[in-house]
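The structure under discussion appears below in the form of structure tokens.
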Amino acid sequence: MAANVRDLWTKNNPDKTSRTKRVHSARWGIGKRWQVVWTEGGVPVSETFTTRDAAEEFAAGVVVKQTEGTWITKDKKAVTLADMWDLWIPTKSDKARSTRDAYRSTWKRIDAQFGARPCHTLTRAESSTWIASLTTTKGVKPGEEPRPLGDAAKRLAGIVMKALLDLAAEERVILHNP
């Protein structure tokens, strides 16, 4: 396992008789200069950085995390909570219809807030704060403020989020459920 750092702004001098080893490439001064290249499942993957130090630090992290087995591949970092919902809800076909309907109703709230977010960006503090702040307009007269959502509904939101993030950890989209 290796991660290599490349300078995108210079290239080896084609003139082998010259004392200058590297010369400007066609990309000189354009975009980020340093590129880290590593493999994920036999496919080369790269990321670019402004500074060499940042690139070398990232490359070292790639090697260590791949060796430890804690590396999350680039394609899995894009997986959203909605993607996990699509995998999770079919596994609940054995539950009562009312339970599945409650899950779907709860998912609508979660989806509006977190559905498009990549799983690895979610934090415990953020989800706990959001659950505590949930409100409803059910039973509220027009012009009145929404009232806090009941404890059972908040608990169900926590259960669904936990289940989705547990699945994400199981699928190695995230290292652990926050």
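The values are calculated or read from the model by the stated rules, or taken from the named source; none is laboratory data. Predicted model only: the values in this text are computed from it and were never measured. For neighbour counting, all protein chains shown are included, and Cβ atoms are generated from backbone atoms with ideal geometry for every residue, glycine included. Heads up: the accessible areas ignore ligands, DNA and RNA and are worked out on the full protein's heavy atoms, side chains in. Shrake-Rupley method; radii C 1.70, N 1.55, O 1.52, S 1.80 Å.
Name the residue, out of 83, 111, 53, whose mean-square fluctuation peaks in a Gaussian network model built on the chain with Cα pairs under 10 Å. Highest fluctuation among the options: 53. Close amide H contacts of residue 25 (hydrogens built in the peptide plane, cut-off under 5 Å, sequence separation of 5 or more or a different chain): 10, 11.
Ranked by the mean number of other Cβ atoms within 10 Å of their residues, highest first, the peptides 134-143, 163-172, 117-126 fall in the order 163-172, 117-126, 134-143. Entry comment: accessible area of the chain is 65 Å² per residue, from protein heavy atoms only and a probe of 1.4 Å. Given a Förster distance of 22 Å, report the FRET efficiency between residue 54 and residue 6 from their Cβ-Cβ distance, rounded to the nearest 0.05. That gives a FRET efficiency of 0.95. Fully extending the segment from residue 141 to residue 120 would add 3.6 nm, taking 0.36 nm per residue of separation and subtracting the current Cα-Cα distance. Note on region 1-120: with charges restricted to the Cβ of Lys and Arg (+1) and Asp and Glu (-1), its dipole about the Cα centre is near 280 debye. Averaging the Cα positions of each part gives two centres, and for region 1-36 and region 117-178 these lie 48 Å apart. In order along region 44-50, the phi-based Karplus estimate (6.51 cos²θ - 1.76 cosθ + 1.60, θ = phi - 60°) of 3J(HN,Hα) comes to x, 10, 9, 8, 10, 9, 6 Hz; Gly and Pro are listed as x. Given axes a ≥ b ≥ c from the Cα gyration tensor, I'd like to know whether region 58-114 is rounded (a/c under 1.5), prolate (a/b larger than b/c) or oblate. Note, shape of region 58-114 comes out prolate.
Going by a ≥ b ≥ c, the root eigenvalues of the Cα gyration tensor, does region 95-162 fall in the rounded group (a/c under 1.5), the prolate group (a/b larger than b/c) or the oblate group? Since a/c reaches 1.5 but b/c is at least a/b, the shape of region 95-162 is classed as oblate. On the beta carbon distance between residue 172 and residue 37, with R0 = 30 Å, the FRET formula returns roughly 0.85. Relative contact order for the chain: 18 percent, from Cα pairs under 8 Å spaced at least 6 residues apart, divided by residue count.
Working note: Karplus 6.51/-1.76/1.60 with θ = phi - 60° gives region 106-122 the couplings 5, 4, 4, 5, 5, 4, 4, 8, 10, x, 7, 7, x, 4, 5, 8, 7 Hz, where Gly and Pro are set to x.
Across the accessible surface of region 106-168, with the other protein chains kept in place and a 1.4 Å probe, carbon and sulfur atoms take up 55 percent. Helix 151-170 and the long axis of the chain differ in direction by around 30°, with both axes built from C-alpha atoms.
Computing Kirkwood radius over Cα pairs in Å directly from the structure and comparing it against [x] 20.1; [y] 18.9; [z] 15.9 singles out [x]. Charged side chains reduced to their Cβ positions (Lys and Arg at +1, Asp and Glu at -1) give region 1-50 a dipole of some 340 debye around its Cα centre. Toward the positive end of the charge dipole of region 15-89, about the Cα centre and with charges on Cβ (Lys, Arg +1; Asp, Glu -1), which of 43, 30, 79 goes farthest? Value computed over the given set: 30. Ordering 18, 90, 173 by the projection of their Cα atoms onto the charge dipole of the chain, which places +1 on the Cβ of Lys and Arg and -1 on the Cβ of Asp and Glu, puts 18 at the extreme positive end. Taking each DSSP H run with n ≥ 4 as -39500 (n - 2.57) and averaging over every residue of the chain yields -13500 deg cm²/dmol at 222 nm.
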